[in-house]
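Report on the following structure.
The values are calculated or read from the model by the stated rules, or taken from the named source; none is laboratory data. Everything numeric here is computed off the predicted structure, so don't read it as measured data. Neighbour counts are summed over all protein chains in view; Cβ atoms, including those assigned to glycine, are modelled from backbone coordinates with ideal geometry.
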Amino acid sequence: MISRNSFKALLALALIISVSFILPQRTQACGPFFTDAIFVYSKHPDLPFENFAAGKLGVLQTSWARSYLVAAYRNLAGNRLSESEAKAIKSLWDDRLNNTFESNYDKWIKKWNGARKRVPGLAVPPEIKVYRNREKPHEYETYLNCQQDAFENAEATLNERIKTFGAESLGVKGWVGAQDLVFANCSEGQHIPLTPPKKVRICRP
């Protein structure tokens, strides 16, 4: 026979199990996503990319990304990609298609903010979001709008301006403010930096 305490324990366990099925379960809401029939790619050639890099171009589309058109131009001009060049550009295409290069964007921003700290008297660096929502109604798609070279070029330009004009130069500070507006465009808006004031030369008798 089952003791009274054991019966109570079994009854409590049964209640817990039944409640777990009744209560709503936590889930991640997203979508809806539907399967689309794709007959012609609008941004890149047909897969696999090895064939395209080797010169099997197919029907070219003007809407393809520039890197594919450059490879096509090389082949059509009789200057086919070498084996190492074809391998390198295919690696670039694979990275872009699979988004394998996007995981380090926080390091790009950190390096830029580190260079920015060299200029004294600036406000706290604004938050930079490198992704932007695709402008399509009822869609939840984002894309990497500011890539690594944008931050590297900004850092190199800032270092060069500091070297030329000094970190405390008003021109350098104004340039950093303009660059902050440029990076604000990564995620939203169309911020345009103000035109810098013209220098006025005062002639004294």
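Overview of values
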item: Checklist (1) of a type in the set (S, T, N, Q); (2) surrounded by 10 or more Cβ atoms within 10 Å (Cβ to Cβ); (3) modelled with pLDDT under 70 applied to THR27, failing item; result: (2)
item: Those residues of the range 46-74 which are touching a helix residue (DSSP H, G or I) at 6+ places or on another chain (Cβ under 9 Å) and among the polar types (S, T, N, Q), in sequence order; result: GLN61, THR62, SER67
item: In the range 81-103, residue modelled with the lowest pLDDT [restricted to those that are exposed (fewer than 12 other Cβ atoms within 10 Å of the Cβ) and within 20 Å of GLU141 (Cα to Cα)]; result: THR100
item: Matching residues in the range 45-63 - criterion: being under 18 Å from GLU85 (Cβ atoms) and either surrounded by fewer than 13 Cβ atoms within 10 Å (Cβ to Cβ) or not small (Gly, Ala, Ser) (or both); result: PRO45, PRO48, PHE49, GLU50, ASN51, PHE52, LYS56, LEU57
